[in-house]
Amino acid sequence: MKIVAITAQILIGVTLLWLGLNRLLHLTADLPLRCIAQQSIAAIFLSRYIALLFALQLLGSLLLLVGRWKVLALVLLGPIALNIVFFHVFIGRGSLILALLLALVESLAIWTCRRFFRSKLTLISDGHV
């Protein structure tokens, strides 16, 4: 199980590091988006929100690749991966399979660290926040 956890960490780290650097440094050409995806992406890129999102994505992926503060990295990258999946499910279905694969690998990495998240999840289920 340890090999699976390390593999999941590396896959998530490399994927999100590449996506973050790609967007910040424009390493590859942008693919044309169809329908409502263009409007939503344009609105997000006109705001400062996207810089914070990519900075957190780069920070989380670097922490995950270095191997230090793995739980913090997963806490940072979990909502980002969920946002990517929701975007591909509801707006742009171009790379839905890759987004679902990212969510699966992220879930696997969180599952391997479940002992750190267990106390938070039991507080939520008991009604305490």
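Descriptive notes on the structure:
- The one condition from (1) outside any helix (DSSP H, G or I); (2) modelled with pLDDT under 75; (3) farther than 23 Å from Ala103 by Cβ that Thr28 does not meet is (3).
- Of the candidates Ser40, Ser61, the single residue that is at pLDDT 80 or above, open to solvent by less than 40 Å² (accessible area, probe 1.4 Å) and of a type in the set (Ser, Thr, Tyr) is Ser61.
- Filter result (at pLDDT below 75 and either among the hydrophobic types (A, V, I, L, M, F, W, C) or within 20 Å of Gly20 (Cα to Cα) (or both)) within the range 96-129: Phe117, Leu121, Leu123, Ile124, Val129
- Taking the criterion of being at pLDDT below 75 and either within 13 Å of the chain's Cα centre (by Cα) or open to solvent by 100 Å² or more (accessible area, probe 1.4 Å) (or both), the only residue of the range 83-95 that qualifies is Arg93.
The values are calculated or read from the model by the stated rules, or taken from the named source; none is laboratory data. This structure is a prediction, so every number in the text was calculated from the model and none was measured. Every residue, glycine among them, receives a Cβ derived from its backbone with ideal geometry; neighbour counts consider all protein chains shown. Note: accessible area is taken over every heavy atom of the protein model, side chains too, but ligands, DNA and RNA are not part of it. Shrake-Rupley method; radii C 1.70, N 1.55, O 1.52, S 1.80 Å.
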